Amino acid sequence: MQRITNTGRVNLGHLFWLRSLAIIGQLATIAVVEKFFGVHLPLPAMLTVIGLEIAFNALTWVRVKGARSETNLELLGQLWVDLGALSGLLFLSGGTTNPFVSLYLPSLAIAAAVLPWTHMIWLAIFAMCCYVALGFDSVPLNLDNPANLFDYYRSGMWVNFMVSVGLIAWFVARMSSALRVRDAMLGEAQQQLLRDERAVALGVQAATVAHEMGTPLSTIAVITEELRDAARSDKGLAPYADDIALLERQMTLCTSALARLRSRASHSSPRERLGDWLAGFSEQWRLRHPQAKLEQPALPANDVWLDDTTAIGQILTILLDNAARASRDNVKLKAAVADAFVEFDVLDSGPGIAPALRAQLGAAPVDSTQGGHGVGLYLAFSAAARLGGQLELLNSEPHGTRAILRVPAAASSSSESKETP
């Protein structure tokens, strides 16, 4: 978004450099026509005008370095000064008979590229008034050989044409490019805002569902406890003791999930060491899917930390749940650290995701062929972006899906403890 707020400063910087080139060109033109073409110009007056241009351009450079963004009215004033200086130089060098009089047009083209049409109209009116005034009164050119006036005029028109084409092509193209970049970034910001709004709406619904689940879960927990006690004395229920124990563990997972949801709403996520957190997370996920075979991830170095383990755990849970549904017998979780980022790989050996469907995942909830609605993956993509990371879905070899989650690694906790008195 920084490029959007600084587009105006790019315009003002361009005007500074264009004016600098114009000043160099004016001085070079005066020197050439005086030395080689026998044209005698009122040098004191013309150098005074150019000196004022230099002083104004120096102030413009100070303004370009400032942090405050300029307004369209300020840009209008900048171009107004340029047209005024051009009119003064033309008045001192033949007026409308000067071949460089058409330099009004590049200035107006630049104004049309950077200003609203209301400001552009005032600048165009000013340029027309100056042109009309130069037709009535100006300092005529003093030539050593007036017979060569036409040749001089034709040469000046050629140079003027080349300069005008270069200015219009360079400046207008740069401004159009800046506007396209701004429009693209605005569109991206709007899409991000839409995704955030959808994520917030889903979060509100999740909180509502979690609140509604509290009472049924409590009822199930009471009944499960009664069944466990009854199984100790009732031989008919004894064969189901293991199932009741499994049901209790699953109930514990549900209540823990609700507790984490309430804790995240009122407290910030804990900061944990990557290796320790990953080991505990893997064991907890195995309790959720006792039938699935999860390959034990290699634990990374102990000096790597994560800031928001709750959000990262939620993303990995969604990815692992999807992988377990696709292939219960082969789910892999890998972790690696590279370039200040922690990269988690979740691989399965299922049928994979269709290319058309994979392109839509993350942009909006999408129904899958396995009965899912894509809400989990949508929330995972949104959470990864909110963490400053990235989530990517790829094909796995020879078949299956590979989900890659990249999140920034936190600074070492030991360095922070040393700074704490």
Checklist outcome for this item: Taking first residues from region 155-173 that are farther than 15 Å from Leu21 by Cβ and in contact (Cβ under 8 Å) with a residue 40 or more places away in the chain and second residues anywhere that are in a helix (DSSP H, G or I) and hydrophobic (A, V, I, L, M, F, W, C), the pairs with Cβ under 8 Å that are 6 or more apart or on different chains are Gly156/Phe100; Val172/Ala109; Val172/Ile110; Val172/Ala113
Checklist entry - All but one of (1) surrounded by 12 or more Cβ atoms within 10 Å (Cβ to Cβ); (2) at pLDDT below 75 hold for Glu248; which doesn't? => result (2)
Next on the checklist: Of the residues Ser69, Ser93, Ser87, only one is within 26 Å of Phe150 (Cβ to Cβ), in the same structural domain as Ala169 (by TED's automatic domain parsing) and not in a helix (DSSP H, G or I); which?
Outcome noted: Ser93
Next on the checklist: For the list (1) modelled with pLDDT of 75 or more; (2) among the hydroxyl-bearing types (Ser, Thr, Tyr); (3) not assigned by TED's automatic domain parsing to the domain that holds Ile30, I need the number of the one condition that Thr208 fails.
Outcome noted: (1)
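This table checks each residue for (1) under 24 Å from Ala85 (Cβ atoms); (2) part of a helix (DSSP H, G or I); (3) touching a helix residue (DSSP H, G or I) at 6+ places or on another chain (Cβ under 7 Å).
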position: Thr118; (1), (2), (3): yes, yes, no
position: Gly135; (1), (2), (3): yes, yes, yes
position: Pro140; (1), (2), (3): yes, no, no
position: Phe150; (1), (2), (3): no, yes, no
position: Tyr153; (1), (2), (3): yes, yes, yes
position: Phe161; (1), (2), (3): yes, yes, no
position: Gly166; (1), (2), (3): yes, yes, no
position: Phe171; (1), (2), (3): yes, yes, yes
Checklist entry - Does at least one position in region 322-336 carry a residue that is within 14 Å of Leu274 (Cα to Cα), assigned by TED's automatic domain parsing to the domain that holds Ser382 and under 26 Å from the mean Cα position of the chain (by Cα)? => result no
Checklist entry - Do we find that Arg286 is at pLDDT below 85, over 20 Å from Leu394 (Cβ atoms) and of a type in the set (D, E, K, R) in this structure? => result yes
Checklist entry - If you take the residues in region 320-347 that are of a type in the set (Gly, Ala, Ser) and not in a strand (DSSP E or B), which one is nearest to Phe381 (Cα to Cα)? => result Ala323
Checklist entry - Which condition breaks for Ala109 when tested against (1) within 16 Å of Ala22 (Cβ to Cβ); (2) small (Gly, Ala, Ser); (3) modelled with pLDDT of 85 or more? => result (3)
Checklist outcome for this item: Scanning region 371-411 for residues that are at pLDDT 80 or above, on the phi > 0 side of the Ramachandran plot and out of contact with any Asp or Glu (no Cβ under 7 Å at 6 or more places or on another chain) gives Gly388
Checklist outcome for this item: Going through (1) more than 19 Å from Gly280 (Cα to Cα); (2) at pLDDT 80 or above one by one, Leu320 fails only at (1)
Next on the checklist: Just to be sure I understand, how many residues within region 1-53 are surrounded by fewer than 18 Cβ atoms within 10 Å (Cβ to Cβ), modelled with pLDDT of 80 or more and not in a helix (DSSP H, G or I)?
Outcome noted: 2
Checklist entry - Taking the stated definitions as given, is Ser177 in the same structural domain as Leu92 (by TED's automatic domain parsing), under 40 Å from the mean Cα position of the chain (by Cα) and of a type in the set (Ser, Thr, Tyr)? => result yes
Checklist entry - Of all residues in region 318-342, which are buried (at least 18 other Cβ atoms within 10 Å of the Cβ) and of a type in the set (S, T, N, Q)? => result Asn322, Ser327
Checklist outcome for this item: Within region 54-95, residues being surrounded by 15 or more Cβ atoms within 10 Å (Cβ to Cβ) and hydroxyl-bearing (Ser, Thr, Tyr) number 3
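The values are calculated or read from the model by the stated rules, or taken from the named source; none is laboratory data. Quantities reported herein were computed from a predicted structural model and do not represent experimental measurements. Cβ coordinates were reconstructed from backbone atoms using ideal geometry, including for glycine residues, and neighbour counts include every protein chain displayed.
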